[in-house]
1. Could you check how many residues of segment 176-188 are surrounded by fewer than 21 Cβ atoms within 10 Å (Cβ to Cβ), touching a residue at least 24 places away in the same chain (Cβ under 8 Å) and either over 30 Å from D244 (Cα atoms) or out of contact with any helix residue (DSSP H, G or I) (no Cβ under 6 Å at 6 or more places or on another chain) (or both)?
2. When you go through E281, E262 one by one, which is the residue that is surrounded by fewer than 19 Cβ atoms within 10 Å (Cβ to Cβ) and of a type in the set (D, E)?
3. Give the number of residues within segment 229-265 that are under 30 Å from G17 (Cβ atoms), part of a loop (DSSP other than H, G, I, E, B) and charged (D, E, K, R).
4. Identify the residue in segment 1-15 that is at pLDDT 95 or above and part of a loop (DSSP other than H, G, I, E, B) and, among all such residues, is farthest from R44 (Cα to Cα).
5. Check A212, A206, A226, A268 and return the single one that is more than 27 Å from A146 (Cβ to Cβ) and either part of a helix (DSSP H, G or I) or modelled with pLDDT under 95 (or both).
6. Write out, first by first residue and then by second, each pair whose Cβ atoms fall under 7 Å of each other, whose residues are 6+ apart or on separate chains, and whose first residue, in segment 75-96, is assigned to a helix (DSSP H, G or I) while the second is charged (D, E, K, R).
7. State which residue pairs qualify: first residue surrounded by fewer than 24 Cβ atoms within 10 Å (Cβ to Cβ) and inside segment 136-154, second residue among the charged types (D, E, K, R) in any location, beta carbons under 6 Å apart, and separation of 6 or more residues or different chains.
8. If a residue must be free of Cβ contacts under 8 Å to residues at least 60 places away in the same chain and surrounded by 22 or more Cβ atoms within 10 Å (Cβ to Cβ), how many such residues does segment 97-110 contain?
Amino acid sequence: MLFYTHEDCLKHEMQPGHPERPDRLRAILERMGSSGLLDDLNCRVAKPAAIDDLGQVHVDGFAARLQASVPESGLTTLDADTIMNPHSLDAALLASGAVQAAVKEVLDGPEVRAFCAVRPPGHHAEADAAMGFCFFNSIALGASVALEHVDRVAILDFDVHHGNGTVDIFKDRPEVLVCSSFQHPFYPNRYQDIERPNIINTPLPAGTASQAFRTAVERDWSRAIADFRPQLILVSAGFDAHRDDPLGELLLCDEDYRWITELIIGFADDYSEGRIVSALEGGYDLAALARSTELHVATLND
């Protein structure tokens, strides 16, 4: 299995106390290193996406506007939650480049699974807006790259927050199926009620625990994926629906991430020649994030 990351993703920092902090990625890498899991993976050093590549999923001029916003020192605020330091754009390009490269390598084979341990996250970035800790929509870029080689791609998103940016980008592109489970009502409260055949929203009330989560996801996603028959599955892997997470109010446990990973593997084996590319999104309790990500990656690697 492929594992993409880059140490420069640690250089992106926002204001002190911000939950989307470098320690998230450090916690994941330290846990996977100490357990020996990293030794079992084919590790790759991510390379940045080209600014022009982002035009595949963002409107003309969006990437250039972000590039012009990078401060020489200090911080630039894009919205209340999304802040740039001098290294933020480089980290965002590395995150997008990791997904881009992982998709190409999985489609070329022989490896059929990949995980991208990168930050900042991307699934809130809309076609013309950076928001919610996100600058570029990395998973959307991965889907766009894949569609140069296959006809149908599914994006599965189990973050506690709705993947509004991914829905915005693909809402009128029926060749991409987007399935998103999320707490509702909750941030970002955008595109969660959109009705399209290729958009499967699974809103979950605060307090939803393991069994109700599993029932809802299986009910909503299984038939949609069977009907769609994706040739590649991409995953927005957010671990902030964990009961220990400080930002969300869902009550998932570590084993739910093993379960949903096994479910996704089953979909991929049935329809996508086993091909899965997963990328880190949310997760803000360091211990829960590290454990859950390790379970996700270990299960993909089985």
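The values are calculated or read from the model by the stated rules, or taken from the named source; none is laboratory data. Keep in mind that what you see is a predicted model, and the values were worked out from it rather than measured. Please note: Cβ atoms are built from the backbone with ideal geometry, for glycine as well, and neighbour counts cover all protein chains shown.
1. Taking segment 176-188 and keeping what is surrounded by fewer than 21 Cβ atoms within 10 Å (Cβ to Cβ), we get 184-188.
Imposing the further condition that a residue be touching a residue at least 24 places away in the same chain (Cβ under 8 Å) reduces the set to 186-188.
With either over 30 Å from D244 (Cα atoms) or out of contact with any helix residue (DSSP H, G or I) (no Cβ under 6 Å at 6 or more places or on another chain) (or both) added as a condition, the list becomes 186-187.
Count: 2.
2. Details: E281 fails: surrounded by fewer than 19 Cβ atoms within 10 Å (Cβ to Cβ).
None of the other options fit; the residue is E262.
3. Total satisfying the criteria: 5.
4. Here the answer is M14.
5. Numbers: A206 fails: either part of a helix (DSSP H, G or I) or modelled with pLDDT under 95 (or both); A226 fails: more than 27 Å from A146 (Cβ to Cβ); A268 fails: more than 27 Å from A146 (Cβ to Cβ).
Just one listed residue meets the conditions, A212.
6. D90/D8; A91/D8; A91/K11; A91/R119; L94/D8; A95/R119
7. As it stands, the answer is R152/E175, since those pairs meet every condition given.
8. 2
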